[in-house]
């Protein structure tokens, strides 16, 4: 009986990799870009010049724990 | 299937972001205000001219904070669902709800807690602008190492499972993760740029509020996404509901 409780894998079929991968790549890239803008744009690196993005998300950046300034 | 999970992950993240915004307003903003008041007092004492405000404090603490926390949390929920789509049935053989809860716990430890132990969150007025590039680099090195190490430890646990059983292999892999992280944190350079006169109480309260904010985000994503994912997966496999019946 102990074999059954330790290996419940029998009931769970993974989602095929080919189905996960395209979403993981394109979705993952877009979502990471969003986090970049909240966390690091106009701090250590800049895609835009100026400080507007930095100042706008300033409080969130501090409270989320990203190095800010 | 992955598309459905991704949408639900972002919904869970959005909900988490709304809760986290409320938490940050109540527990985080007072500490940010204290820190900014200190910053202004110091620059006045140094005879510096006040910098022009690009964005008003009200906007920073309101719409700016809202945007930052909600966008971050929604994106995190989406990424969470993508990792879940890979891990479910591969890394974890538990029910969707249990997998999501465990994944959230692992994510909180590897992404928030472990990097914060070495490079803790800092309020305004802490940290010199000259070292922002180096500090950001070190923070992300710590983050990437921590996540990679936890992924490796998870792989180690599943390889040991056949020989040592689920409990012992998890203990061995967990110990390996802790020892490795301790070594990395010992070797990485320390950063301490807290001004001498800065209130330790404000610093402590700020860091606790920041950790609390992440606890709200990760707990909400883990628990809400688990319920949503279970429904998605159940609707695709009618027999599934029977196996995970409460």
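If each of residue A:25 and residue B:192 carries a label point 7 Å out from its Cα toward its Cβ, how far apart are those two points in nm?
Between residue A:25 and residue B:192, the simple spin-label model gives 4.7 nm.
Roughly how many nanometres apart are two label points built 7 Å out from the Cα toward the Cβ at residue A:13 and residue B:117?
4.1 nm
From the convex hull of the Cα coordinates of the protein assembly as shown, what is the mean projected area in square nanometres?
Details: hull surface 70.6 nm².
Answer in nm², one decimal: 17.7.
Pick out which of B:222, B:78, B:127 has the largest mean-square fluctuation in a Gaussian network model of chain B, springs linking Cα atoms closer than 10 Å.
Looking only at B:222, B:78, B:127, the biggest GNM fluctuation is shown by B:127.
How many Å³ per residue does the convex hull of the Cα positions in chain B occupy? Walk me through the numbers on the way to the answer.
On the way: hull volume 35.6 nm³, N = 246.
Taking the convex hull of the Cα positions in chain B, it is 145 Å³ per residue.
Over chain B, calculate the relative contact order: mean separation of alpha carbon pairs under 8 Å at least 6 apart, over the residue count, as a percent.
On the way: 241 pairs, mean separation 92.0, N = 246.
This gives 37 percent for chain B.
For region B:127-193, what does the relative contact order come out to in percent, with C-alpha contacts under 8 Å and a separation of six or more?
Numbers: 27 pairs, mean separation 24.7, N = 67.
Dividing the mean separation by the residue count of region B:127-193 yields 37 percent.
Roughly how many Å is it from the Cα centre of region B:15-72 to that of region B:107-183, as a whole number?
28 Å
When a footprinting reagent is the concern and you count Cβ atoms within 10 Å, what order do B:33, A:59 take, fewest first?
Working: B:33 16, A:59 30.
Ranking B:33, A:59 by Cβ neighbours within 10 Å, fewest first, gives B:33, A:59.
Output the 0 to 90 degree angle, nearest 10, between the alpha-carbon long axis of helix B:65-87 and the longest principal axis computed from the alpha carbons of chain B.
20 degrees
Starting from the Cα coordinates of region B:127-193, work out the convex hull volume and express it per residue in Å³. Write out the running numbers ahead of the final one.
Values: hull volume 4.8 nm³, N = 67.
Convex hull volume per residue, Cα atoms: 71 Å³.
Would you give the gap between the C-alpha center of region B:198-234 and the C-alpha center of region A:22-50, rounded to a whole Å?
21 Å
How big is region B:12-71 by Rg and Dmax over its Cα atoms, in Å?
14.3, 48
Can you tell me, using C-alpha contacts under 8 Å and at least 6 residues apart, the relative contact order of region A:10-69 as a whole percent? Before the final figure, lay out each step's value.
On the way: 29 pairs, mean separation 16.3, N = 60.
Relative contact order, region A:10-69: 27 percent.
Per DSSP H run of n ≥ 4, the term is -39500 (n - 2.57); total these for chain B, divide by its residue number, and report the mean residue ellipticity at 222 nm rounded to 500 deg cm²/dmol. Can you show the working numbers first?
Details: 8 runs with 176 residues, N = 246.
Helix contribution divided over all residues of chain B: -25000 deg cm²/dmol.
Using the 10 angstrom Cβ neighbour count as an exposure proxy, how do B:236, B:164, A:54 rank, fewest first? Write out the running numbers ahead of the final one.
On the way: B:236 12, B:164 15, A:54 19.
Ordered from fewest to most neighbouring Cβ atoms within 10 Å, B:236, B:164, A:54 come out as B:236, B:164, A:54.
Laboratory data are not the source of any read-out in this text; all were calculated from the coordinates shown. Computed from a predicted structure; not experimentally measured. Heads up, the Cβs are rebuilt from the backbone with ideal geometry, glycines too, and the neighbour counts pull from every protein chain shown.
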